[in-house]
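The structure appears right after this line, and notes come after that.
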Amino acid sequence: MTDFRAAFPDLKFWGTADLIAEGEYVVGQWEGGGTHTGPAFSDFLIGALPAATGRKMHFTGTTVLRIQDGKITAEMGLDDGVTALTQLGLIVPNR
């Protein structure tokens with residue numbers, strides 16, 4: 001995550017809905033995004049970016065946290081990584 005934040009120095013995440021809590025689980029929806037103005041980055045599932053491409057990404061996700069004794073003990077989530085990779089030019093849509 002340190003390298004990802006260096007590559008996208010303006011990276012931000014924010015909640016988009018109320019948190020839902022049931023038992024020891026908390027679910028949150030969020031959005032995130034940033035501009036690639038930092039160093040080269042290659043820790044994607046597909047492709048790599050040279051330094052400072054100026055490409056912007058905006059994506060959404062849902063995270064489920066397990067809370068035990070007041071601490072997060074597990075995190076599961078799903079994000080729209082295909083959208084981010086497309087915006088960054090690492091996936092080209094079929095036309």
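We did not get these values from a lab; they are worked out from the coordinates using the rules stated. This structure is a prediction, so every number in the text was calculated from the model and none was measured. Here the Cβ is made from the backbone with ideal geometry for all residues, glycine too, and neighbour counts use every protein chain on show.
Below is a table of values for the structure above.
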item	result
Cβ-Cβ FRET estimate between Ile46 and Thr73, R0 fixed at 30 Å, reported to 0.05	0.45
Fluctuation leader among Lys71, Lys56, Lys12 - the chain, Gaussian network, Cα springs under 10 angstrom	Lys71
Ordering of 17-23, 36-42, 86-92 by packing [mean C-beta count within 10 Å, highest first]	36-42, 86-92, 17-23
Pairs of alpha carbons in the chain whose separation is greater than 24 Å (percent)	32
Neighbourhood net charge (15 Å Cβ-Cβ; Lys/Arg +1, Asp/Glu -1) for Thr83	-1
